[in-house]
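As structure tokens, the structure follows; a few thoughts come after it.
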Amino acid sequence: TSLLMHLTGSPQRPVNFPGTSVERAESVAKCGGFPLRVVDLPGIVSLEPSSRDERVTLDYLRLAGGGQGGPDVVVAVLDAGKLAVELRLLQRLRTLGRPLVVALTKVDVAARDGTKVDVDRLQRALGIPVLPVDGFRGTGIEDLRCAIAAMAEATPAPALPVDVVGLAREVGSGTPRGRGATDRLDRFALHAITGPLLLAFVMLLVFQLVFTAAEPFVALV
């Protein structure tokens, strides 16, 4: 949604909790004199819908090539921090038989966490345009806009290499590191033994606060 706002200059209202983005949003952009109708679709993780919002996206994408108003170009917004997972989805999107452009986000976050993505190498391996973009600052948006326009008449690229995990490893350099206190807390709170113990302690604490700590105030009222 942030990319859509930068691409088109139109205000949108992003929402991030499940079940809210169940419609597609449309706006218009231009690269030079070439008009683009940009459709913002809810996010998906596969081509098998598991929710209403995913069904909206997949129903629209499957119109591709059917003469019913489907997309001429599919722009896949991928997270640079989890390329192995994202490339699996890209692999499936290629089965739709439409030209693809990759908008690679969170490149700076991946670098901060210890993985520097070689965008040029990734683009050569995929055989499609890969544009690093920043949905917050809007950097890279003009290049993305013109790449979409250029791909409107392009033919679909061949299938991805089967070993997308290996490809993700090849284009990412450095040693991924944890995200500090959050990761340390997760290792403790989500552990098979300490997690339930922590939950029991929190529940006990809540009950004590409700019934014991609150008793003097209840008596006062």
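Residue by residue, here is whether (1) part of a helix (DSSP H, G or I); (2) at pLDDT 80 or above holds:
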site	(1), (2)
Gly135	no, yes
Gly138	no, yes
Ala168	yes, yes
Asp183	yes, no
Phe188	yes, yes
Ala192	no, yes
Val202	yes, yes
Thr212	yes, yes
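Ala29 fails exactly one of the following numbered conditions: (1) of a type in the set (Gly, Ala, Ser); (2) assigned to a loop (DSSP other than H, G, I, E, B); (3) modelled with pLDDT of 80 or more. What is the number of that condition?
(2)
Can you report the number of residues in segment 34-65 which are more than 17 Å from the chain's Cα centre (by Cα) and either under 17 Å from Leu93 (Cα atoms) or in a loop (DSSP other than H, G, I, E, B) (or both)?
Within segment 34-65, residues that are more than 17 Å from the chain's Cα centre (by Cα) and either under 17 Å from Leu93 (Cα atoms) or in a loop (DSSP other than H, G, I, E, B) (or both) number 6.
Here are some residues: Ser2, Ser46. Which one is surrounded by 14 or more Cβ atoms within 10 Å (Cβ to Cβ) and either at pLDDT 85 or above or of a type in the set (S, T, N, Q) (or both)?
When all the criteria are applied, what remains is Ser2.
Filter segment 95-119 for residues that are open to solvent by less than 30 Å² (accessible area, probe 1.4 Å) and in a helix (DSSP H, G or I); which is modelled with the lowest pLDDT?
By that ranking, first place goes to Ala110.
Among the residues that make up segment 186-203, is at least one of them open to solvent by 70 Å² or more (accessible area, probe 1.4 Å) and among the polar types (S, T, N, Q)?
Scanning segment 186-203, I find no residue that is open to solvent by 70 Å² or more (accessible area, probe 1.4 Å) and among the polar types (S, T, N, Q), so the answer is no.
The values are calculated or read from the model by the stated rules, or taken from the named source; none is laboratory data. The model shown is predicted, which means the values in this text are computed figures rather than measured ones. Reconstructed Cβ throughout: ideal geometry from the backbone, glycine too, with neighbour counts over all protein chains shown. These area figures cover heavy atoms from the full protein model, side chains too; ligands, DNA and RNA do not enter into them. Shrake-Rupley method; radii C 1.70, N 1.55, O 1.52, S 1.80 Å.
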